[in-house]
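Participant: Below is a structure I'd like to ask you about.
The values are calculated or read from the model by the stated rules, or taken from the named source; none is laboratory data. Not measured: the values here are computed from a predicted model. Here the Cβ is made from the backbone with ideal geometry for all residues, glycine too, and neighbour counts use every protein chain on show. Note: accessible area is taken over every heavy atom of the protein model, side chains too, but ligands, DNA and RNA are not part of it. Shrake-Rupley method; radii C 1.70, N 1.55, O 1.52, S 1.80 Å.
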Amino acid sequence: MPKDHGIGASPKRREDLRFLTGAGNYTDDINLNGQAYVHFLRSDVAHGKINKVDTSDAEKMPGVLRIFTGADFEGVGGLPCGWQVTDRFGQPMQEPAHPVLAQGKVRHVGDPIAAVVAETPEQARDAAEAIVLDIEELPAVVDMKAALEDGAPKVHDDLTSNLCYDWGFVEENREAVDEAIKNAAHVTTLELVNNRLVANPMEPRVAIGDYNPATDESTLYTTSQNPHVIRLLMGAFVLGIPEHKLRVVAPDVGGGFGSKIFHYAEEAFCTFAAKQLKRPVKWTATRSEAFMTDAHGRDHVTKIELALDADHNFTAIRTETHANMGAYLSTFAPSVPTWLHGTLMAGNYRTPLIYVNVKAVFTNTVPVDAYRGAGRPEATFQLERVIDKAARELGVDPIELRRKNFITEFPYATPVAVEYDTGNYHATMDKLIEIADIAGFPARRAESEKRGKLRGLGINCYIEACGIAPSNLVGQLGARAGLYESATVRVNATGGIVVMTGSHSHGQGHETSFPQVIAEMIGIDESMVEIVHGDTANTPMGMGTYGSRSIAVGGSAMVRATEKIINKAKKIAAHLLEASEADIELKDGQFSVAGTDKSVAWGDVCLAAYVPHNYPLEDIEPGLEETAFYDPANFTYPSGAYACEVEVDPDTGKVTIESFAAADDFGNIINPMIVDGQVHGGIGQGIGQALLENCVYDENGQLLSASYMDYAMPRADDVPFYKVDHSCQTPCTHNPLGVKGCGEAGAIGSPPAVVNAVIDALQSGGYKVDHIDMPVSPARVWAAMHG
Amino acid sequence: MTQVTMTVNGKAVSGEVEGRTLLSTFLREHLGLTGTHVGCDTAQCGACTVHVDGKAVKSCNMLALEADGASVDTIEGQANPDGSLNAIQAAFQEHHGLQCGFCTPGMVMAAAALLKENPKPTEAEIRHHLSGNLCRCTGYHNIVKAIMAASGQDVAAVAAE
Ligand code: FES
Ligand code: FES
């Protein structure tokens with residue numbers, strides 16, 4: 001019988017009531033008194049020298065309040081980068097300036113040149129068209145390898161080249177890995193592209209700046225996954241506003257997937273302009289602007305070599321990756337191809353020697369940063385593709401080759417600096433074989449073949465690292481931030497609870513799942529707990545939601561704060577019951593004295609805390625409110641095994657997903673319904689990456705896929721129902737809930753399953769195709785078949 | 001500026017609009033009905049779906065003036081008269097058919113139009129009908145399941161919630 005409340009139950013989401021009735025409060029739904037609107041004039045060339053921006057005609061247009069250009073931001077800071085990578089020679093990465101509005105040069109299509117603030121959005125747009133630009137177009141660099149050639153045009157004239165960094169990991173292993181590969185019984189090599197993607201949350205970005213001259217306070221309303229991070233970056237590094245004079249509000253946010261982690265120019269602009277004009281200034285991105293300005297994802301080009309001994313044990317892995325940074329360093333961009341990618345290259349396998357080389361490259365394209373999974377999908381894709389290829393070359397079963405090399409003893413220290421605390425990879429594989437009915441595959445293949453279709457089965461495993469931590473370690477790795485999370489638990493006088501969390505919900509359902517944890521700990525009804533998030537004015541400093549960290553880090557902070565509450569409440573109860581604190585037990589919302597029938601209810605203890613007439617005032621303070629900051633001891637390591645079955649139409653090359661199954665180990669589960677939903681969404685995005693999505697630039701740096709007409713998003717009829725299971729649970733050993741996080745798994749685990757299945761289908765038809773780059777479009781499949 | 005008059009969720013409304021004002025802008029900015037969302041500028045995402053004279057329409061793809069005299073229904077008018085969720089809304093909640101909620105008003109309006117024409121659609125018919133509505137959060141699984149359930153079909157056999 002599934003539980004009907006508390007941890008492990010699936011109560012219906014309370015946030016749904018407002019979203020289903022049109023009563024949500026998204027940033028674009030907010031309109032402030034006296035609000036003006038900004039329209040950004042953006043570069044339509046990828047690379048150019050700004051000779052002149054003539055705003056004189058535009059300024060005379062109706063409704064125009066002011067036009068800003070790069071010159072207005074000369075005394076203002078640039079957008080900061082939050083992670084400094086040290087290269088393999090011990091030198092810091094090259095870090096270019098990133099002005100709010102372009103100064104001197106434009107470096108990608110969409111780079112903002114001028115900003116028109118007017119009474120209405122239409123007037124701002126009309127006036128922007130009257131600005132006369134004199135921009136001298138320069139040759140653009142788009143291809144990463146070409147960008148590194150001698151004499152290539154430089155994206156930033158003041159840097160020595162377009163190389164951001166050349167990173168080696170683990171550098172000390174470099175020669176040993178070379179040696180192991182030279183001496184291996186078998187080496188499988190694969191070159192592949194991890195296609196450039198656009199996150200595309202359905203809500204485009206919005207920013208509203210507001211300024212109160214009476215208090216000298218600025219407020220920014222923005223579509224962010226982490227309002228405190230934006231407050232810190234924008235206040236301290238860009239605009240020089242101290243945090244006590246700056247409030248950042250991220251209300252209901254319509255999806256993020258990483259793209260709303262970063263601090264963007266438009267946020268700083270609206271806050272700055274509101275103060276200058278003493279009026280609120282609002283910007284709402286069009287979808288076309290989102291394509292040109294939201295940080296993109298992935299875009300790695302990789303060569304991977306897997307060495308095996310005669311018994312098919314993995315002996316070494318060597319990779320060489322070019323990672324696109326785009327034209328500027330987005331907030332966390334340098335960390336994605338390095339610490340979020342290299343550390344995962346061991347996957348689920350015992351490989352004693354690993355060396356990862358990454359060259360990060362500047363190009364005249366939109367900045368690239370974290371997108372759902374961030375570095376981990378890139379690691380998983382390479383590894384799980386090369387293992388599949390090795391199995392085929394060696395003539396062994398791909399599942400058996402994986403099983404033979406599985407890590408089985410925990411904790412396990414990988415050769416790439418991380419220690420997996422727990423896991424059971426055979427168990428998730430067993431579960432996958434059951435739910436995907438692998439045994440029935442030959443019959444399904446025969447049935448497809450009868451209809452003239454090729455059927456393929458693709459299997460893969462994945463390992464994830466969530467809740468990136470601890471802060472002192474990530475500091476050594478170059479993070480310029482801490483990665484803890486916070487929670488304040490405020491108990492009211494009549495027993496109701498408000499939790500102010502630094503985590504942010506933009507679809508994850510925290511308002512429903514977080515109360516389940518507190519209700520379970522205290523033994524009260526979930527309806528007595530309310531979650532507050534998304535506003536720096538009423539939540540403690542927190543790092544927000546990304547990297548599947550909400551429950552593992554934010555949930556742990558909430559548990560710690562609640563433990564403090566319970567400890568204090570027990571002291572109060574002991575006083576009220578005239579018993580020793582050590583004898584007080586809390587169960588089902590009642591404090592009782594062990595071994596007696598004396599008890600006092602939760603609500604009475606809360607009331608005593610705020611009406612302390614009969615209260616141990618000499619020992620403890622009145623009130624019942626506690627804050628905790630939780631800094632994890634380690635990452636968490638969700639893992640799993642995924643299976644995809646496809647049909648390929650040999651006449652057209654079209655791939656159809658026939659089934660998709662996922663067996664995940666997320667440790668303990670708070671709300672199974674929400675976890676299933678997270679996995680579904682991740683798989684949908686992974687299928688999108690594998691079959692449909694591709695962000696394409698032409699050789700001049702023009703963005704060809706800048707709308708939903710050209711960028712193929714997965715639609716309802718591109719995907720099947722998914723079979724998902726998370727009954728294999730090895731609880732995390734180092735956080736209080738034993739949870740691991742589930743937000744990114746689906747997006748990490750699914751692309752290799754799809755591509756492995758397509759290759760399997762083609763091989764079954766006698767086509768000697770080893771690899772097709774994503775997206776595996778009909779044209780690419782057909783070309784590979786008829787190579 | 002031109003005067004436009006229409007019935008929205010059963011109430012007569014009017015306003016002054018420019019020729020280029022979209023119906024979605026009129027609903028959101030003039031009437032404050034912000035449940036209708038705008039997710040794109042190429043009429044592809046369906047977040048702005050409303051009903052005009054009973055038919056599902058992308059309100060970003062229609063001028064406010066074109067809806068002059070029409071009867072428009074939006075997500076704000078979908079709940080039962082007592083304020084409780086209607087059958088489609090309730091099924092979306094029951095089956096976790098929404099996450100961030102941004103696509104949701106459009107999904108509910110698209111589903112309502114489908115079920116009016118086809119009270120018991122198959123899975124394939126639902127998926128086909130929704131191909132003009134993008135959702136980035138759910139992978140569509142629970143949306144399709146919710147619509148099947150709202151049409152009275154047994155969804156117990158559909159894999160996991
Ligand atoms: S906003 Fe109307 S279809 Fe996207
Ligand atoms: S629920 Fe977020 S886009 Fe559909």
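Participant: On a full-extension model of 0.36 nm per residue, what is the gain between A:D430 and A:N25, subtracting their alpha-carbon distance, rounded to one decimal in nm?
Facilitator: Value of the extension gain: 141.4 nm.
Participant: For the stretch A:59-190, compute the orientation-averaged projected area of the C-alpha convex hull (one quarter of its surface), in nm².
Facilitator: Values: hull surface 51.1 nm².
It is 12.8 nm².
Participant: With θ set to phi - 60° and the Karplus curve 6.51 cos²θ - 1.76 cosθ + 1.60, what are the ³J(HN,Hα) couplings of the stretch A:606-618 in order, to the nearest whole Hz, using x for Gly and Pro?
Facilitator: In residue order, the calculated couplings are 4, 4, 4, 5, 9, 10, x, 6, 10, 7, x, 4, 6 Hz.
Participant: Spin-label point model (7 Å from Cα, Cβ direction): what's the B:M1 to A:E171 distance in nm?
Facilitator: 6.7 nm
Participant: So what's the stretch A:1-93 giving for Cα Rg divided by 2.2 N^0.38 Å, two decimals?
Facilitator: Against the compact-globule rule of thumb, the ratio is 2.01.
Participant: Taking the alpha-carbon set of the stretch A:545-684, what are its Rg and Dmax in Å?
Facilitator: Computed over the Cα atoms of the stretch A:545-684, radius of gyration and Dmax are 24.6, 84 Å.
Participant: Show me, bin by bin at 10 Å from 0, the whole-percent P(r) of the protein assembly as shown based on Cα pairs.
Facilitator: Distribution as computed: 2, 12, 21, 25, 21, 13, 5, 1, 0 percent.
Participant: Note down, for the stretch A:378-504, the three equivalent ellipsoid semi-axes (square root of 5 times each alpha carbon gyration tensor eigenvalue), biggest first, whole angstrom.
Facilitator: Numbers: eigenvalues 354, 106, 42 Å².
Over the Cα atoms of the stretch A:378-504, the semi-axes work out to 42, 23, 14 Å.
Participant: Another one. Could you work out how far the C-alpha centroid of the stretch A:19-82 sits from that of the stretch A:504-567, in angstrom?
Facilitator: One Cα centre to the other: 35 Å.
Participant: Cα-based Rg (one decimal) and Dmax (whole number) for the stretch A:631-787, in Å?
Facilitator: Answer for the stretch A:631-787, Rg first and Dmax second: 18.0, 55 Å.
Participant: Looking only at other chains, what is the average number of their beta-carbon atoms within 10 angstrom of each beta-carbon in B:28-39?
Facilitator: Per residue, the average neighbour count from other chains is 5.
Participant: Over the Cα atoms of the stretch B:10-154, what radius of gyration and what Dmax do you get, in Å?
Facilitator: Gyration radius and largest Cα-Cα distance of the stretch B:10-154: 14.9, 48 Å.
Participant: Using the basic label-point model (7 angstrom from Cα toward the beta carbon), what is the B:A157 to A:A417 distance in nanometres?
Facilitator: Using points 7 Å along Cα→Cβ, the separation is 5.2 nm.
Participant: Please give the solvent-accessible surface of A:E191 in Å², to the nearest 10, using a probe radius of 1.4 Å with every protein chain present.
Facilitator: So the heavy atoms of A:E191 present about 120 Å² to solvent.
Participant: On full extension of the chain, what length is gained from A:D773 through A:E400, given 0.36 nm per residue of separation minus the C-alpha to C-alpha distance?
Facilitator: Computed gain between A:D773 and A:E400 is 131.8 nm.
Participant: So who's got an amide H within less than 5 Å of the one on A:E658, skipping anything under 5 residues away but keeping other chains? H placed 1.01 Å off N, in plane.
Facilitator: The answer is A:E645, A:V646, A:E647.
Participant: Go through chain B and flag any cysteine with no other cysteine's C-beta closer than 4.7 Å, please.
Facilitator: When partners are defined as cysteine Cβ atoms under 4.7 Å apart, chain B leaves B:C100, B:C137 without one.
Participant: Applying the Karplus parametrisation 6.51 cos²θ - 1.76 cosθ + 1.60 with θ = phi - 60° to the phi angles of the stretch A:414-422, what ³J(HN,Hα) value in whole Hz is obtained for each residue in order, glycine and proline being reported as x?
Facilitator: Coupling constants for the stretch A:414-422: 7, x, 10, 6, 10, 10, 6, 7, 6 Hz.
Participant: Need the list of lysines near A:K568 for cross-linking: C-alpha distance under 19 angstrom, and skip anything on the same chain fewer than eight residues off.
Facilitator: A:K587, A:K598
Participant: Mind listing the phi-derived Karplus ³J(HN,Hα) values for the stretch A:771-787, rounded to whole Hz, using 6.51, -1.76 and 1.60 with θ = phi - 60°, and x for any glycine or proline?
Facilitator: Values per residue, Gly and Pro as x: 7, 9, 6, 6, x, 7, 7, x, 5, 5, 5, 4, 5, 5, 5, 10, x Hz.
Participant: Estimate the FRET efficiency between A:S56 and A:A712 by the formula 1/(1 + (r/R0)^6), using the beta-carbon distance for r and 56 Å for R0, to the nearest 0.05.
Facilitator: Values: r = 43 Å, r/R0 = 0.77.
The formula returns an efficiency of 0.85 here.
Participant: Quick one: plug the Kirkwood hydrodynamic radius of the stretch A:696-772 (C-alpha pairs) into Stokes-Einstein at 10 °C, 1.306 mPa s, and report D in µm²/s. Spell out each step's value before the answer.
Facilitator: Working: Rh = 17.1 Å.
Rounded, D is 93 µm²/s.
Participant: Continuing with this model, one more query. Helix-derived [θ] at 222 nm for the protein assembly as shown: sum -39500 (n - 2.57) over DSSP H runs of at least 4, divide by residue count, nearest 500? Please list the in-between numbers first.
Facilitator: Numbers: 23 runs with 239 residues, N = 948.
Mean residue ellipticity at 222 nm (helix-derived): -7500 deg cm²/dmol.
Participant: At 1.4 Å probe size, put A:R174, A:R715, A:R298 in order of accessible surface, largest to smallest.
Facilitator: Correct descending sequence by accessible area is A:R174, A:R715, A:R298.
Participant: Mind listing P(r) for the stretch A:271-369? All alpha-carbon pairs, 5 Å bins, whole percents.
Facilitator: 2, 11, 16, 14, 13, 11, 9, 7, 5, 4, 3, 2, 1, 1, 0
Participant: Follow-up question, since we're still on this one. For the stretch B:87-150, report the convex hull volume of the alpha-carbon atoms normalised per residue, in Å³, without decimals.
Facilitator: Values: hull volume 4.4 nm³, N = 64.
Once divided by residue count, the hull of the stretch B:87-150 is 69 Å³.
Participant: While we're on this one: Along the Cα→Cβ direction, 7 angstrom out, place labels at A:N183 and A:D631. What is the inter-label distance in nm?
Facilitator: 4.2 nm
Participant: Also: Assuming a viscosity of 0.692 mPa s and a temperature of 37 °C, what translational diffusion coefficient in µm² per second does Stokes-Einstein assign to the stretch A:602-723, Rh being the Kirkwood radius over Cα pairs?
Facilitator: Numbers: Rh = 20.2 Å.
Answer from the Stokes-Einstein relation: 163 µm²/s.
Participant: Would you please calculate the Kirkwood hydrodynamic radius of the stretch A:302-457 over all C-alpha pairs and express it in Å, rounded to one decimal?
Facilitator: Kirkwood radius, the stretch A:302-457: 17.6 Å.
Participant: Specify which residue in the list A:A479, A:F441, A:S218 is farthest towards the positive end of the charge dipole of chain A, using unit charges on the beta carbon of Lys, Arg (+1) and Asp, Glu (-1), about the Cα centre.
Facilitator: A:F441
Participant: With respect to the cross-link table entries A:K3/A:K564; A:K154/A:K359; B:K116/B:K145; A:K389/A:K768; A:K431/A:K723, which display a Cα-Cα separation exceeding 19 Å?
Facilitator: Beyond 19 Å: A:K3/A:K564.
Participant: Over 17 Å, how big is the tail of the calculated P(r) for the stretch A:556-604, in percent of all Cα pairs? Display every interim value, and only then the final one.
Facilitator: Details: 333 of 1176 pairs.
In whole percent, the share of Cα-Cα pairs in the stretch A:556-604 beyond 17 Å is 28.
Participant: While we're looking at this one, here's another question. Report the FRET efficiency, 1/(1 + (r/R0)^6), for A:K450 and A:T408, where r is their Cβ-Cβ distance and R0 is 30 Å, rounded to 0.05.
Facilitator: 0.15
Participant: Compute the FRET efficiency between A:E217 and A:V193 as 1/(1 + (r/R0)^6), taking r as their Cβ-Cβ distance and R0 = 56 Å, and round to the nearest 0.05. Before the final figure, lay out the partial values.
Facilitator: Details: r = 48 Å, r/R0 = 0.85.
Computed FRET efficiency for A:E217 and A:V193: 0.70.
Participant: Now, a different point. Could you tell me the relative contact order of the stretch B:87-150? Use alpha-carbon pairs under 8 Å, at least six residues apart, and round to a whole percent.
Facilitator: 57 percent
Participant: Now for a separate question. Could you quote the convex hull projected area for the stretch A:607-678, Cα atoms only and averaged over all directions, in nm²? Don't skip to the end; give the middle numbers.
Facilitator: On the way: hull surface 40.0 nm².
With every direction weighted equally, the projected area is 10.0 nm².
Participant: Hey, another quick one. Semi-axes of the equivalent ellipsoid of the stretch A:56-136: what are they in whole Å, largest first, if each equals the square root of 5 times a C-alpha gyration tensor eigenvalue? Intermediate results must be reported in sequence, preceding the final value.
Facilitator: Values: eigenvalues 235, 32, 21 Å².
They are 34, 13, 10 Å, listed from largest to smallest.
Participant: To the nearest whole percent, what portion of all C-alpha pairs in the stretch B:2-75 is separated by more than 20 angstrom?
Facilitator: Here the long-distance tail beyond 20 Å is 16 percent of all Cα pairs in the stretch B:2-75.
Participant: Under 5 Å between amide H atoms, partner at least 5 residues away or on a different chain: which partners does B:N118 have, H built in plane at 1.01 Å?
Facilitator: none
Participant: Could you order A:W782, A:W602, A:W339 by accessible surface area, starting with the largest, using a probe radius of 1.4 Å?
Facilitator: A:W782, A:W339, A:W602
Participant: Give, as ranges by residue number, the residues of the stretch B:54-72 whose backbone N falls under 11 Å from the point 7 Å along Cα→Cβ of B:E117.
Facilitator: Taking a point 7 Å out along Cα→Cβ of B:E117, the residues of the stretch B:54-72 whose backbone N falls under 11 Å are B:55-57.
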